[in-house]
Amino acid sequence: MKVTKYVLPVAGLGTRFLPATKAIPKEMLPIVDRPLIQYVVEEAVEAGATEIILVTHSSKRALEDHFDKNLELERQLEEKGKDDLLEKVHAILPEGVKVVSVRQPEPLGLGHAVLCAQHLVENEPFGVILPDVLIHHPHTGCMAQMVEQFSRLNHSLIGVESVPLEDVCKYGIVSLYPDEIGEKIQRMAGIVEKPSQQEAPSTLSVVGRYILTPQILRMLEKTQQGAGGEIQLTDAIADLLQHEPIYTYTFEGISYDCGHKEGFLRANLEYGLRDPESGKTLMKLIQEHVGRV
Ligand code: G1P
């Protein structure tokens, strides 16, 4: 079954990046020359998205504007013959892909955000991408890798990666059945949101990439407040596990948790070094800097 709808929860206020995020959404912070949100939309489009659903907040209109046409800007670029820039602007959203948005009126958690998109998702499997996390792979994005696996499995699939034990308290952590299905695909036995080191069933963390069957919405309808007083997607996934199998997928690629300063800086550095326009200059700057210290 195809996965064409992708839910991107973007209602969070991004307080970790204040003062930068006082007037602009954290998802509009740039990694090199593109805002974070554009990377994840590109990842969804590569995976086959035709509908991107932003679950957003009234203070974050810039996100909708980024994917809307700006005819004035396009006309100016055209008149000045700046074709390369015009091309970059056009590439923000390919033909045939639409961005729609729905408001999350209260900050009640990730599970609640996904439930806000219920009427748009309807009765199909759908993707969820958390824009705080960028995943780089030189050929095939994480979501495209997952869609390929999902087309064989037809069960919910959660992207995971191993983290140091001291970081388990930052993530959803899964436990697995011992019978390995494939090298990268395993059947989930349990999932818990932000456990302590003592409670963590493993160090395999949920990385912010999900393909979920629509039954998750039935679970979310009755999910109560969990960790941090929020309605957690993790708890609804744990409920879904009681009704149908769920699999984990250890993706190929490098993840950058841009929700934290260190991950954001590392992403700018490494995406910058890979960038064909600025990579060489950046490397030169680093070498000069290292020479000075
Ligand atoms: C959310 C999820 C968590 C997941 C994490 C990935 O937490 O609730 O399960 O591991 O994203 O970044 P948040 O970072 O929103 O607190």
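See the values below:
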{"quantity": "Residues M283, M188, M143 arranged by fewest to most Cβ contacts within 10 Å", "calculated": "M283, M188, M143"}
{"quantity": "Within segment 5-36, backbone nitrogen closer than 20 Å to the virtual label 7 Å beyond the Cα of E199 toward Cβ", "calculated": "none"}
{"quantity": "Magnitude of the charge dipole, segment 82-180, Cβ model with Lys/Arg +1 and Asp/Glu -1, debye to 20", "calculated": "280"}
{"quantity": "Under 10 Å, Cβ to Cβ, from Q215 - net charge with Lys/Arg +1 and Asp/Glu -1", "calculated": "-1"}
{"quantity": "Low-density loop positions, GluC sites (Glu not before Pro), segment 184-283 - DSSP coil, at most 14 other Cβ in 10 Å", "calculated": "E199, E252, E277"}
{"quantity": "Neighbourhood charge, 13 Å Cβ-Cβ cut-off, centred on P107 and excluding it, Lys, Arg +1 and Asp, Glu -1", "calculated": "0"}
{"quantity": "Spin-label pair D179/K82, simplified geometry with 7 Å Cα→Cβ offset, distance in nm", "calculated": "6.0"}
{"quantity": "Whole-Å distance, taken between Cα centres, linking segment 144-211 and segment 229-293", "calculated": "16"}
{"quantity": "By average C-beta atoms within 10 angstrom, highest first, the peptides 43-55, 166-178", "calculated": "43-55, 166-178"}
{"quantity": "Unit charges on C-beta of K, R, D, E only; dipole of segment 201-258, Debye", "calculated": "80"}
{"quantity": "Inter-label distance for I286 and Q225, nm, one decimal - labels placed 7 Å from Cα along Cα-to-Cβ", "calculated": "4.5"}
{"quantity": "Fraction in percent of alpha-carbon pairs per bin - 10 Å, segment 1-112", "calculated": "13, 40, 34, 11, 1"}
{"quantity": "Burial ordering of S255, S205, S59, fewest other beta-carbon atoms within 10 Å first", "calculated": "S59, S255, S205"}
{"quantity": "For segment 46-198: Kirkwood Rh in Å [reciprocal of mean 1/r, alpha carbons]", "calculated": "18.9"}
{"quantity": "Net charge over other residues, Cβ less than 14 angstrom from the Cβ of A267 (K, R count +1; D, E count -1)", "calculated": "-3"}
{"quantity": "Pairwise FRET efficiency - L18 versus T140, Cβ, R0 = 30 Å, nearest 0.05", "calculated": "0.25"}
{"quantity": "Within the chain: Cβ-based charge dipole about Cα centre, in debye rounded to nearest 20 (Lys, Arg +1; Asp, Glu -1)", "calculated": "480"}
{"quantity": "Residues listed by number, segment 148-176, amide nitrogen under 13 Å from L265 label point at 7 Å toward C-beta", "calculated": "none"}
{"quantity": "Nearest-ten-degree value, helix 142-153 long axis tilted from longest Cα axis of the chain", "calculated": "40"}
{"quantity": "Per-residue Cβ neighbour rank within 10 angstrom, fewest leading, V99, V40", "calculated": "V99, V40"}
{"quantity": "Mean projected area (nm²) of the alpha-carbon convex hull when segment 187-258 is viewed from all directions", "calculated": "5.8"}
{"quantity": "Over 28 Å [Cα-Cα, the chain], rounded percent", "calculated": "39"}
{"quantity": "The chain: antiparallel DSSP beta bridges as a percent of all, rounded to 5", "calculated": "60"}
{"quantity": "Stretchable slack from Q242 to A189, in nm (0.36 nm times residue separation minus alpha-carbon distance)", "calculated": "18.1 nm"}
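Computed from the coordinates by the stated procedures, all read-outs in this text should not be read as laboratory data. From a predicted model like this one, the values you see are computed outputs, not experimental measurements. Backbone-built Cβ (ideal geometry, glycine too); neighbour counts: all protein chains shown.
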